[in-house]
Structure formats: structure tokens, C-alpha cells
Amino acid sequence: MAFRRINNLELFIKRCSAPTIYYSSIRTTTGSGNTANIPTDSSNSNNYNRNNNNNNEGNYKFNWRSLVRFFVPFSLGAVASTLVMKREDMELTPTISAARPSMRRREFNFIADVVGGCADSVVYIEIKDTRHFDYFSGQPITASNGSGFVIEQNGLILTNAHVVINKPHTMVQVRLSDGRTFPATIEDVDQTSDLATLRIQVNNLPVMRLGKSSTLRSGEWVVALGSPLALSNTVTAGVISSTQRASQELGLRNRDINYLQTDAAITFGNSGGPLVNLDGEAIGVNSMKVTAGISFAIPIDYVKVFLERAAERRKKGSAYKTGYPVKRYMGITMLTLTPDILFELKSRSQNMPSNLMHGVLVWKVIVGSPAHSGGLQPGDIVTHINKKEIKNSSDVYDALGCGDKELNMIIMRGVKQMHVTITPEDP
């Protein structure tokens, strides 16, 4: 059986035309004498060819070495071709791997990395009205809210002045990122720069690192943290639109500050929160918003000057003083409409009247305040008070100090002109 299989293998290879495996023995007869043995007639010629083929078949010898030489390169070539084809398929065929998206997510979500490193130091500030209490809980109702961030481990918090001093007969309450709530006391206030510091009785708090606003460039990425609309731990991102927006351009008198302008969303309750760079450092304090895409922050370099003066005062042991005259309370945050801001508003919104040339934009209205009770809404533009033109925020303060019991205002709400009467609250 073994010899028969070998013979069958030889026959198969021979029929597959593998001339390199077989060789033929050369006939011993050479020269011209060969022609004499070839018959001339047809019958003898056929017999000669048949015999010659039989002799040639007998002369072929099987060579195993040639068989190996044939099959080894053939097998290696087949394997190499298969590997090349698989490699080309892997390169040309689009595939989705479960690991690649997670790698991109970990590599390119730089804003999430910034938030993860500094969000714990951001706090939520509530202003409680001590004269009105909730019917069900018996706790003072929330008159307004804002944001702040911890700058010292022993409980020192930085925020905006208008967040904590806008309303009389109130108390300040601070909620940390872990949910703990503490009453706070006001340590220092600078109404000119719109900055204030609070103190809560707790230690070992996460601290926000302070950067340098002088090194900022227009177009640099920033992240605004805070509690807009009482939604704590909210994050918005944008870029620095301008690093030198003078207070005079915003209609803010008696303020020698070059504000940071950003398109990061800063809405109600975001005031006092940090504006953070990609290194996780606070480079500004969120202050105000004009419209979508136009918001302003106080540079952190100016904040450091305020903190140094406050530290010197604490070392001397002097008591906290407001340093500003007490006025009647109306309950709004406002912004003067300069020609540049008016141009931006008219270009961005179709609801702005084309003939509007001056006024004060009502940015925020505190719930329960005289302005809220009188019907003022965020976005209204005050043009006249008691028949006098209002061109900047100082004109509104002058109207509050005149002693008139009621303030009759002419406002623009969209393209409609309306009349509103407000009775300010005495201090």
C-alpha cells in the first residue's frame, strides 16, 4: 500500500507539470548514428515512437530533494501572501475599536480636567430675608443668590459686593460643594471694585489657586464656574474676547478697572464665581453679563490688591465698615448702555429699538424687592425716571437719593415703551 501511494503521488505530480521535480537521464547514444536507427515507413515509425516514449518514461527518476525545493518556497510564499492581504485589509477597512474613543475622551476633554481640579472650592451663596419665612419649613426665604470661591483654608471666601449687600434685613448663608451649609459673616466690602469677602467657621477647605490676569491673551480658553439660576456647580466655557475693557467703556464711573470680556455664559447667580484658565487658576471674578456672548469679569490682579488691603486691615484689628453712604433699596443690578454696547445689542438682537440712544440695562432683579414688586424685569432698559433722562447708573443713584417717595420710570421692553412705578425701601 505504501509503494502504491508513492507511485500515485509521483503520477499526480508528473501530471501537474512539475518539471523541476523530475529529471531525465540523457540517452547514451549520440552523434549521427542515431539517424540510422530511425525507420522510414509509417508503421515502423509509430512503433519506434511508442518504444521511445516507454524508454523515456523509464528513464525519469523521482527526486525527493527537488520535491522539497518546490514545496517549501511555495508554502512560504502562500503564507507571506496571506499575511500581506490581512494587513492590507486591516489598513484599508475602517474599524471601530472600543478602546480608541475612551483614549480620545481622556486626552481631549481638557475642560473636564480643569473642572475636576478646582470645582470643590466653589461655593453657593444664598441671601436669606429674615423678615419673611417659608410657610412649610419655617426658614427664611431666599431673597437672592450668588457664587463665590474659597481662597483660604480657614473659611475665607471671595465674591462680588452686590451679591451680599444689595438687600437690608438679610443674612448670608454658604453651601459648600459637599452639601454642608454654614452661616457667613461679611468681613470686607469694596463697592467701588464690587468685591467682598465672607468668613465661615470651618477649616481644611479646598482652596482655589490664584493666577495672573496680566498674562492673559485674547482667544485663550477660560471656564466660568458658579451657580446660575440657583443651579449649583454649573460649568460654562468660552474664550477671552478682550483683556483691556475699560470701565469707562461700560459706563461705570469711579472705577479704574480694565475688565476681562469673555463669551463664556455668565448668568444670574454666576456673579462672584471664578473665571478659571486651563491651569485651574482663577484669573477673574465673574461680575456681569450684557447679552449672550458678552460678559465681564474683574481681573484677578485687581482682586489681589483688594485682598492685600483687607489683610492689612485685619492685622490692625479695625472693624468692618462699609465705606459708602447707605441709600434706599430698589433691588436691581444695572449696566450703563454706552454707544459701543448699544451697537452690539442692536447688531445681535432685532428687538432693540433703532432710535434708542441712552439708558441703563436692568441685568438682575431680586425676587421680592421693590423693583420686582413694581414690575421691572431683567432685560428692561430704563430711559427716564421722574421725567429726567437716565444716561448712566449714577443717574439712578441720584434719583434714589432725591427723597421722592415713588420713582416713575419709562422703560423699553423689547420694542415696546412702558411705564413702571417703584417705591424704594428705606434703609
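Things worth noting here:
- Pairs exceeding 26 Å between alpha-carbon atoms, taken from Lys128/Lys316; Lys212/Lys316; Lys387/Lys416; Lys212/Lys289; Lys289/Lys416: Lys128/Lys316; Lys212/Lys316.
- Separation between Cα centres of the range 133-206 and the range 372-427, rounded to whole Å: 28 Å
- Highest average packing first - 147-156, 128-137, Cβ atoms within 10 Å: 147-156, 128-137
- The residues of the range 183-239 have, on average, 48 Å² of accessible surface per residue, using a 1.4 Å probe with all protein chains present.
- Reference-scaled alpha-carbon Rg (2.2 N^0.38 Å with N residues) for the range 346-427: 1.07
- Each pair of Cα atoms in the range 124-223 enters the Kirkwood radius, and Stokes-Einstein at 20 °C and 1.002 mPa s then converts it into a translational diffusion coefficient of 144 µm²/s.
- Restricting the calculation to Cα atoms, every distinct pair contributes to the Kirkwood radius of the range 277-427, found to be 17.6 Å.
- Accessible area expressed per residue, the range 363-410, with surrounding protein chains retained (probe 1.4 Å, Å²): 48 Å²
- With each label modelled as a point 7 angstrom along the Cα→C-beta vector, the Arg209-Ile186 pair spans 3.3 nm.
The values are calculated or read from the model by the stated rules, or taken from the named source; none is laboratory data. Since we're looking at a predicted model, the values are computed, not measured. Counting neighbours? That spans all protein chains shown, and the Cβs are built from the backbone with ideal geometry, glycine included. Remember, those area values only see protein heavy atoms, side chains included, never the ligands or the DNA or RNA. Shrake-Rupley method; radii C 1.70, N 1.55, O 1.52, S 1.80 Å.
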